Amino acid sequence: MTHPVDLPQSAGYVDLLPDVGAPDNETRLKLLEQRLRAEESALFAPAEAAVLALQGKPASRAHVMCLLLLARQHQFNIEFGPALKCSSAAVALARSLDDSAVRANALKFHGISLFEAGYLAESIPIHMEALENARKAQNPVDISETLNNLGVSLLHAARYGAAQECFQQAADVSPASALTWLNKGDLLLEVGEIARGLQAAERGLALITDFESVQWKVVRIFFELLLAQLRVAIGDIHQATEHSRLALEEATHTGELGSRVARLASLLVDAHDASVSSSAISSLLDEVRRNESHFTLYRISLNVAVAALQAADRPEEALRFLREVTELRMAQRARVASQVLPSGIAERSLPDLDDLADARTRGYFDTLRVQAARSAIATDQQVEVLVELAIRAELREEDTFSTGEHVYRVARLSELLAREANCSNEEIANARLAGLLHDVGKVFAPDQLLLKRDTLTDSEKALLRKHSEDGAGLIENLKNKTLLVVADAVRHSHERWDGDGYPEGLQGESISIAARIVAICDSFDAMTHWRPFRKPRTFASALSEIEVGSDSRYDPRLARLFVTLLRRLQRETDDLDRYLAEGAENSPVVQEQRRLAKLLRPQRETL
């Protein structure tokens, strides 16, 4: 027998490894799967060469599982180029089999590989497809795991409502899933609900019963890191130190991933110890650079490092560091793509929008501003980038099942109202664009403000009101003269006719007509749709509110025209929302969100 590569000739390997010309490859693959599950480290390299050399033959469950076990090992070793190569091959093979459970498993691992390699946006539809197949297979464990994976991707894309729904459904399906509680705790830390986060993390840690396997040792280390972060957030450094100690103790023999997570827990605590904080922060910054090849570790270490710099009153250094690591992250994506670029992954000329969408500071957005300003892409491409950011900002604050269509409805209403007001073609186009981009500045707003259900304080209101100026600044920094009028309309879309608006307190016709139009259309659409803090108003009630605000909040002439327009549209259209959101049909983000809403909503209604 000849082998495609040089293979170890140790006992059991020659007859165990599959070969292109061997008649018994299916039997060999089944035996190999068992040995790989036993985590025989010396076997992984020769096994990978032999399995990949088969090029998809035979198409069988054992073949898929061998590829997935190899992918998992690469994930533990933080080798995501090879992990993607194995998981991509497994998905291609699984899709040729009439087995929903195998497809779900392959897609699950592939989604994880994509996520950890930094392809966050691409991981979400893969996780959704995995969930569809897991439900067909009716395996509660797979359903719960896949809901968790989908929820994690949504969490890091700052789509918190949908992430929370995934974790809740995972808990409903499998109440004893420790991973669900780990993810819930991570989400609660992200949105600042520390007490509930501690409860979730402690409950999840208590559910772990496997104390031997590497996989569950690593999960326990992640729990200890999360608990350390939560304790630091409330100033309990003593307990945080204990969680750090337990993480380091658990990290023995867990490989590179476990060691790095435990080290992060230790550095987190040291960064808040006055006697060693300076050196610890320096080590943390190095750790972020080191972790740029692993998305989860990169995210955690980045948040820990930036928080430490802010606590040490070094905000400018934090911004410079964010710019540096954003460039590192983009370079890492390019390296992974050069190793293996799975079909469907398109390299972008602009920074990854998901890296930008849940950033905590303006530092990330400097990258977008500078690169977009220097690029030679056309105006419509620049608008497309901004619209995607605006949709993602909307998905952070709206109802769990929002489809991201608000900006399209406001844009369509603004265009129709501008026509009704006999505006010029240029003014109509500007009103439509301003409607699309009026809330793009909310990408800068802290998550805690967008998600808060209680009444905002005066300082919180002032911070949130900056979104109109931030959005205008983002558009202006594109250095595109065509969009300057739109930037002005975005900046003043919350001004009032009576001068009592923001940010400049402009009055009457000193407010651009595009801004006056968007103010009315945005208000109406917001009133008639769900928000985290209130239920929607009826069509009649919302129009009545526009009429009441005429001559104070809104331009009286435009308000009268708007009421007339909407009553006519209500008579002429069967589904007003669908009519107004027609422009969203070509948006990949909206289409994905519609699919996600359909995937999650029926389950919630039947649980």
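The values are calculated or read from the model by the stated rules, or taken from the named source; none is laboratory data. Being a predicted model, the structure only gives us computed values, none of them experimental. Positions of Cβ are backbone-derived with ideal geometry, glycine not excepted, and every protein chain shown enters the neighbour counts.
See the values below:
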read-out	value
Count of residues meeting criterion [of a type outside the set (Asp, Glu) and part of a helix (DSSP H, G or I)] in the stretch 509-559	26
Single residue of Ala206, Ala247, Ala228, Ala233 found to be touching a His at 6+ places or on another chain (Cβ under 8 Å), free of Cβ contacts under 8 Å to residues at least 60 places away in the same chain and hydrophobic (A, V, I, L, M, F, W, C)	Ala228
Residue match in the stretch 17-24 (condition: in a helix (DSSP H, G or I) and in the same structural domain as Ala90 (by TED's automatic domain parsing))	no
Lone unmet requirement of (1) over 21 Å from Ala178 (Cβ atoms); (2) in contact (Cβ under 8 Å) with a residue 24 or more places away in the chain; (3) touching a Lys or Arg at 6+ places or on another chain (Cβ under 8 Å) for Leu67	(3)
Only listed residue being farther than 19 Å from Glu190 by Cβ, touching a residue at least 40 places away in the same chain (Cβ under 8 Å) and of a type in the set (A, V, I, L, M, F, W, C), chosen from Ala130, Ala94, Ala101, Ala137	Ala101
Selection count where residues are assigned to a helix (DSSP H, G or I), buried (at least 23 other Cβ atoms within 10 Å of the Cβ) and not aliphatic (A, V, I, L, M), scope the stretch 117-128	2
Selection from the stretch 561-576 of residues that are touching a helix residue (DSSP H, G or I) at 6+ places or on another chain (Cβ under 8 Å) and part of a helix (DSSP H, G or I)	Leu561, Phe562, Val563, Thr564, Leu565, Leu566, Arg567, Leu569, Gln570, Leu576
Looking only at the stretch 97-114, and only at residues there that are touching an Asp or Glu at 6+ places or on another chain (Cβ under 9 Å), buried (at least 24 other Cβ atoms within 10 Å of the Cβ) and not aliphatic (A, V, I, L, M), the one that is farthest from Arg72 (Cα to Cα)	Arg103
Criterion violated by Leu120 - all others in (1) within 24 Å of Val51 (Cβ to Cβ); (2) of a type outside the set (Phe, Trp, Tyr); (3) in the same structural domain as Glu48 (by TED's automatic domain parsing) satisfied	(1)
Top-ranked residue of the stretch 430-459 - restricted to ones that are within 19 Å of Val485 (Cβ to Cβ) and not in a helix (DSSP H, G or I), ranked as modelled with the lowest pLDDT	Asp439
Filter result (surrounded by fewer than 18 Cβ atoms within 10 Å (Cβ to Cβ), in contact (Cβ under 8 Å) with a residue 24 or more places away in the chain and of a type in the set (D, E, K, R)) within the stretch 544-586	Asp551, Arg557, Arg567, Asp577, Glu582
Qualifying residue in the stretch 588-602 (condition: in the same structural domain as Ala429 (by TED's automatic domain parsing), under 18 Å from His494 (Cβ atoms) and assigned to a helix (DSSP H, G or I))	no
Answer residue from the stretch 384-429, given it is of a type in the set (D, E, K, R) and at pLDDT 85 or above and is surrounded by the fewest Cβ atoms within 10 Å (Cβ to Cβ) among those	Glu426
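Listed here are the residues, each with its yes/no results for (1) in contact (Cβ under 8 Å) with a residue 12 or more places away in the chain; (2) buried (at least 18 other Cβ atoms within 10 Å of the Cβ); (3) touching a Ser or Thr at 6+ places or on another chain (Cβ under 6 Å).
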site: His467; (1), (2), (3): yes, yes, no
site: Lys481; (1), (2), (3): no, no, no
site: Arg491; (1), (2), (3): yes, yes, yes
site: Trp497; (1), (2), (3): yes, yes, no
site: Gly505; (1), (2), (3): no, no, no
site: Arg516; (1), (2), (3): yes, yes, no
